[in-house]
Every structure is written in structure tokens, then in C-alpha cells.
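Peer 1: Below is the structure I would like to discuss, written out as C-alpha cells.
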Amino acid sequence: HLAALVLARGGSKGIPLKNIKLLAGVPLIGWVLRAAIDAGVFHSVWVSTDHDEIEKVAKQFGAQVHRRSPEVSQDSSTSLETIREFLNHHHEIDIVGNIQATSPCLHPSDLIKVADLIQKEGFDSVFSVVRRHQFRWSEVKKGENKMTEPQNLNPAKRYRRQDWPGELYENGSFYFAKRHLIEKGYLQGGKMAYYEMRAEHSVDIDIDIDWPIAEQRVLSFGYFGNEPLKEVKLLVCSIDGCLTNGRIYVTEDQKEMVSYDYRDIVGIDLLRKRGIQVRLISERDCSKTLSAMQLGCIAKVNATNKLQVLEEWRKDIALSWKEVAYLGNEESDVECLKSAGLSGVPADACTVAQKAAGYICKSSGGCGAIREFAEHIFLLLEKVNSARKQ
């Protein structure tokens with residue numbers, strides 16, 4: 001029995017609840033759980049946690065949850081202690097693949113190859129490494145009367161990068177080990193092997209400054225699911241709470257007014273320039289508001305069944321669901337969010353809409369969420385184009 005195990009403690013000295021903080025619109029832990037489940041080599045996929053919110057996210061992505069004890073939930077608790085406690089409660093498990101939640105660019109293909117190494121080739125433990133081309137020098141501590149010395153180079157004959165194979169470093173993405181090793185107090189031991197990951201997939205988030213860099217890396221090199229990406233050709237956006245902030249202002253003469261963000265209008269224009277149709281939908285009659293905005297978009301108001309409207313539009317322009325994007329914010333948008341190939345919600349969307357969406361914007365409704373979601377679509381289009389070239 002080969003089990004994937006992700007350790008996700010609620011406490012964090014660096015970033016509070018880092019394991020479920022959104023990275024490119026997906027909870028951090030979601031990236032590795034998706035890769036582990038889609039790899040298809042694990043008999044079970046687990047998250048060991050002490051926190052209710054992490055448990056909810058883990059189950060949302062299809063993992064089982066082990067509630068760890070307070071004794072192994074301290075700052076001083078080691079991964080080995082936590083894994084041993086897990087095994088004490090799950091005697092059916094023979095091999096543990098300890099996957100780090102902070103490695104969001106992990107791909108199923110890597111996990112499949114590692115499973116073969118330990119199950120078919122007889123290795124007792126396998127861990128991930130990455131190749132680095134970095135010259136090391138000895139440390140000289142303050143007050144010491146000595147010079148630094150080269151550790152892996154001859155300064156008189158410095159290697160060119162293309163002439164030097166570099167060195168292998170642990171990248172922390174995963175550690176696979178058989179039960180008998182772990183019970184003896186080892187994660188690495190016995191007949192050992194390393195698995196070399198591609199440098200662009202070796203992303204490890206330790207401190208907050210890594211976050212924006214990691215978002216760009218994961219959008220370029222992350223694993224987005226086992227179905228091939230398709231180019232988005234239609235974006236349908238809910239008007240109230242996405243294009244606007246959902247507030248309606250009423251004047252003394254009973255006229256309604258709403259506000260919107262000019263950045264969202266720019267986002268709509270950019271999408272249309274890229275050949276992506278933008279259509280709007282609302283449960284209420286806001287025809288006058290749309291007329292005043294002069295957006296030039298096809299819109300459906302008084303929509304009592306948004307999914308039915310979305311389905312009619314999709315068929316009308318002969319698109320697959322993978323080619324449809326949807327931005328919503330309310331419970332009435334949930335079925336549309338689940339059906340669309342690419343789905344998003346503003347930061348202030350209701351809880352059920354957030355759970356149904358693939359991307360959660362940093363911006364709130366009426367405050368740049370459409371512009372942000374447009375950028376997300378453009379990045380994914382670059383990923384599609386890159387895949388086609390490969």
C-alpha cells in the first residue's frame with residue numbers, strides 16, 4: 001500500500017496558514033494534492049493537519065485527513081515524528097510518499113517515475129534533487145583571521161556553465177520511504193536513490209517574498225490537471241458583484257446608480273482585442289445601467305437560470321466547455337462556475353462560489369476583478385501556445 005502524505009500544520013512562523021493561502025488562485029496545498037491524485041499510483045492520498053480550515057481544503061481536493069496530535073503539532077516537531085505517528089494509526093500502509101505542500105510545481109509524471117523506483121526496482125527510499133550550477137566558498141566568521149577557500153572550483157580555471165555538470169541538491173519536494181525505515185527513525189536509508197527534477201519545477205515557498213515569484217513560476221510550469229488546456233474563446237461575467245461592487249445607490253428622485261472600475265473596462269477591451277468574446281449576465285433588470293456604460297457586450301438580464309443561458313450561448317457559438325470562462329460571485333453562479341473550463345470569483349465572493357471556482361482574485365467585485373481575471377486568462381493562453389509549440 002503506497003500512500004501519499006502531505007504534512008500541513010496550521011501554525012507557521014513565516015506566513016499564517018501558508019498551506020491554504022491562494023497561489024495563482026488555488027490553495028497552495030491544492031497544487032500538490034492535484035498532482036498526487038492524478039498520478040494514479042497512490043492507493044490513498046492523505047493530509048496530516050491540526051487545523052479545521054486545512055482539513056476542509058484537503059477534502060475539497062479529494063484527500064483523506066489525519067488529525068495529528070498536539071504532540072507533533074509544535075514548532076519543534078519534525079516531519080519524521082509526524083509521519084511515524086501517522087503510520088501508527090494506519091497499519092495497512094507499507095510505503096509513504098511524503099510530499100511537501102510548499103512545492104507547487106510538482107507534476108504527476110515525477111511521482112509516477114518515483115513510484116516505479118521504489119515499487120518495481122526495489123529501492124527503500126527515494127528523494128528529490130535539483131541540479132545547481134553554483135560555486136561554493138568556505139565561510140569566514142567574524143573575528144577569524146583567515147581567508148575564504150574555494151569548495152568546488154579552481155579560481156584559476158573557472159568552469160563555463162556548459163562545461164560543468166553542476167551539483168545535486170535536495171529540493172525538498174518529496175521523500176519516499178518504506179515503513180521499516182521510518183519505524184527505525186529514517187526517511188533516507190537502505191537502498192537509496194535520488195530523483196532529479198527539472199529546475200523550473202523546483203519551487204519551494206519558505207518566505208513571503210517568494211510568493212509573487214512562485215505565482216509566475218506556477219503559471220508557467222505548474223500542473224493544471226490531466227485534461228489538455230484549450231484556448232478560452234468566451235468569457236461570461238456576472239454583472240452584480242463582478243463588474244460592479246454589488247451596491248445600488250438610490251437618489252432622492254428614485255434613480256438607481258452603480259459604480260464600476262475603469263480597469264475592468266480596460267480588461268474587457270483587452271480580451272476582445274485578443275479575440276475573446278465577453279458577455280454579461282444578471283438576475284435583475286439592469287438594462288439602463290448597461291446602456292449607460294456603453295460596453296458593446298451581449299448581455300442577458302432577468303436571467304432566472306444562468307446555467308441555461310450559458311449553455312445556450314456556448315452552443316450558439318459552437319464551443320466546448322473547456323473554451324468557456326466564467327466569472328461569478330454568488331450562489332446562483334455555482335453551477336456555471338463548475339461547468340466552465342476556467343472559472344473565477346472576486347475576492348469578496350460568497351463561500352460556496354469560492355469553493356466552486358478554480359481561481360480566486362485578489363481584487364474585489366467592481367474593483368478590478370475582471371482586469372485581474374483577464375490577466376489570468378492571458379497567462380493560461382501563453383501556456384496553451386507553449387504546449388502547442390512543444
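The values are calculated or read from the model by the stated rules, or taken from the named source; none is laboratory data. From a predicted model like this one, the values you see are computed outputs, not experimental measurements. Cβ: placed from backbone, ideal geometry, glycine included. Neighbour counts: every protein chain shown. Areas reflect the complete protein model, heavy atoms only, side chains present, ligands, DNA and RNA absent. Shrake-Rupley method; radii C 1.70, N 1.55, O 1.52, S 1.80 Å.
Peer 1: Based on the Kirkwood radius over alpha-carbon pairs, what value in µm²/s does the Stokes-Einstein equation return for the translational diffusion coefficient of segment 234-388 at 25 °C and 0.890 mPa s? Kindly include the intermediate steps, with their values, before the conclusion.
Peer 2: Values: Rh = 15.5 Å.
The estimated diffusion coefficient comes to 158 µm²/s.
Peer 1: Within straight cross-link reach of K255, meaning Cα distance under 19 Å, which lysines are found once same-chain residues fewer than 8 apart are removed?
Peer 2: K288
Peer 1: Packing-wise, with mean Cβ within 10 Å as the measure, how do 270-276, 63-69 rank, highest first?
Peer 2: 63-69, 270-276
Peer 1: In addition: So, how do all the Cα-to-Cα distances of the chain break down into 10 Å bins, in percent, from 0 on up?
Peer 2: 4, 20, 26, 21, 16, 9, 3, 1, 0
Peer 1: Taking amide H atoms as placed 1.01 Å from N in the peptide plane, list the residues 5 or more away in sequence, or in a different chain, whose amide H sits under 5 Å from that of D261.
Peer 2: Placed amide hydrogens put G368 under 5 Å from D261.
Peer 1: Related question: Angle between the Cα long axis of helix 210-221 and the longest principal axis of the chain, 0 to 90 degrees, nearest 10?
Peer 2: Helix 210-221 and the main axis of the chain meet at about 80 degrees.
Peer 1: Taking N as the number of residues in segment 1-51, what is its Cα Rg relative to 2.2 N^0.38 Å? Write down the numbers at each step before the final one.
Peer 2: Details: Rg = 11.9 Å, N = 51, 2.2 N^0.38 = 9.8 Å.
Compared with the compact-globule rule of thumb, segment 1-51 sits at 1.22.
Peer 1: Once you charge only the Cβ atoms, +1 for Lys and Arg and -1 for Asp and Glu, what is the size of the charge dipole of segment 234-388 about its Cα centre, to the nearest 20 debye?
Peer 2: 620 debye
Peer 1: Is the shape of segment 171-225 best called rounded, prolate or oblate, per the rule: a/c under 1.5 gives rounded, else a/b larger than b/c gives prolate, else oblate, with a ≥ b ≥ c the square roots of the Cα gyration tensor eigenvalues?
Peer 2: prolate
Peer 1: Let me have the 222 nm mean residue ellipticity of the chain computed from DSSP H runs of 4+ only, each contributing -39500 (n - 2.57), with the sum over all residues rounded to the nearest 500.
Peer 2: My calculation for the chain gives -9500 deg cm²/dmol from helical runs alone.
Peer 1: Relative to the longest principal Cα axis of the chain, at what angle does helix 306-316 sit, 0 to 90 degrees, rounded to 10?
Peer 2: Relative to the chain, helix 306-316 is tipped by roughly 90 degrees.
Peer 1: Over all directions, the average projected area of the alpha-carbon convex hull for segment 68-124 comes to how many nm²?
Peer 2: 5.1 nm²
Peer 1: Okay, next question. Pull up all non-local amide H partners of A347: gap of 5 or more, or a different chain, and H-to-H distance under 5 Å with H placed in the peptide plane.
Peer 2: Here C361, S363, S364, G365 satisfy the definition.
Peer 1: E196's amide H: which non-local residues (gap 5+, or another chain) put their own amide H closer than 5 Å, with H modeled 1.01 Å from N in plane and none for Pro or chain starts?
Peer 2: Amide H neighbours of E196, under 5 Å, 5+ apart: V129.
Peer 1: Can you give me the relative contact order of segment 25-78 as a percent, contacts being Cα pairs under 8 Å and 6 or more apart?
Peer 2: For segment 25-78, the relative contact order is 33 percent.
Peer 1: I want to verify a result. In a Gaussian network model of the chain, Cα cutoff 10 Å, which of these has the top mean-square fluctuation: Q134, Q74, Q216?
Peer 2: Ranking Q134, Q74, Q216 by mean-square fluctuation puts Q134 first.
Peer 1: Around G122, with a cut-off of 12 angstrom between Cβ atoms, what is the net charge of the other residues, counting Lys and Arg +1 and Asp and Glu -1? Kindly include the intermediate steps, with their values, before the conclusion.
Peer 2: Details: positive: K120, K178, K191; negative: D116, E121, D124.
With Lys, Arg at +1 and Asp, Glu at -1, the neighbours total 0.
Peer 1: State the extension gain, in nm to one decimal, for the chain segment bounded by W164 and E144, taking 0.36 nm per residue of separation less the distance between their alpha-carbons. All intermediate terms of the calculation are to be shown ahead of the outcome.
Peer 2: On the way: separation 20, 0.36 × 20 = 7.20 nm, distance 3.22 nm.
Once the chain is fully extended between W164 and E144, it gains 4.0 nm.
Peer 1: If you don't mind, another one. With +1 on each Lys and Arg Cβ and -1 on each Asp and Glu Cβ, how big is the dipole of segment 1-157 about its Cα centre, in debye rounded to the nearest 20?
Peer 2: Working: 19 positive and 18 negative charges, 155 e Å.
Using Cβ point charges on Lys, Arg, Asp and Glu, segment 1-157 gives about 740 debye.
Peer 1: Which one of S77, M293, S103 is farthest out on the positive end of the charge dipole of the chain, using unit charges on Cβ (Lys, Arg +1; Asp, Glu -1) and the Cα centre as origin?
Peer 2: S103
Peer 1: So what are the ³J(HN,Hα) numbers for segment 147-164, from phi and the Karplus equation (6.51, -1.76, 1.60; θ = phi - 60°), rounded to whole Hz, Gly and Pro as x?
Peer 2: For segment 147-164, the Karplus curve yields 9, 5, 10, x, 9, 9, 7, 10, x, 6, 9, 5, 5, 7, 3, 6, 9, 10 Hz.
Peer 1: Determine, from the Cβ-Cβ distance of D52 and K120 and an R0 of 45 Å, the FRET efficiency 1/(1 + (r/R0)^6), rounded to the nearest 0.05.
Peer 2: 0.70
Peer 1: Moving on. Give me the angle, in degrees from 0 to 90, between the Cα long axis of helix 369-389 and the longest principal axis of the Cα atoms of the chain, rounded to the nearest 10.
Peer 2: 60 degrees
Peer 1: Then there is this: Can you give me the Rg/Rh ratio for segment 258-329, using Cα atoms for both radii and the Kirkwood formula for Rh?
Peer 2: For segment 258-329, the value is 0.95.
Peer 1: Turning to a different aspect of this structure: Keeping all protein chains in the complex and leaving out DNA, RNA and ligands, what accessible area do you get for E382 with a 1.4 Å probe, in Å² to the nearest 10?
Peer 2: 110 Å²
Peer 1: Reachable lysines from K178, Cα under 23 Å, same-chain residues fewer than 8 places away excluded?
Peer 2: Result set, ordered by chain and number: K113, K120, K191.
Peer 1: Can you list the HN-Hα couplings for segment 269-284, worked out from phi with the Karplus curve (6.51, -1.76, 1.60; θ = phi - 60°), rounded to whole Hz and with x for Gly and Pro?
Peer 2: So the Karplus estimates, Gly and Pro as x, are 4, 5, 4, 5, 5, 8, x, 9, 6, 10, 10, 10, 9, 8, 7, 10 Hz.
Peer 1: Please report the antiparallel percentage of the DSSP beta bridges confined to the chain, to the nearest 5.
Peer 2: The answer is about 30 percent antiparallel.
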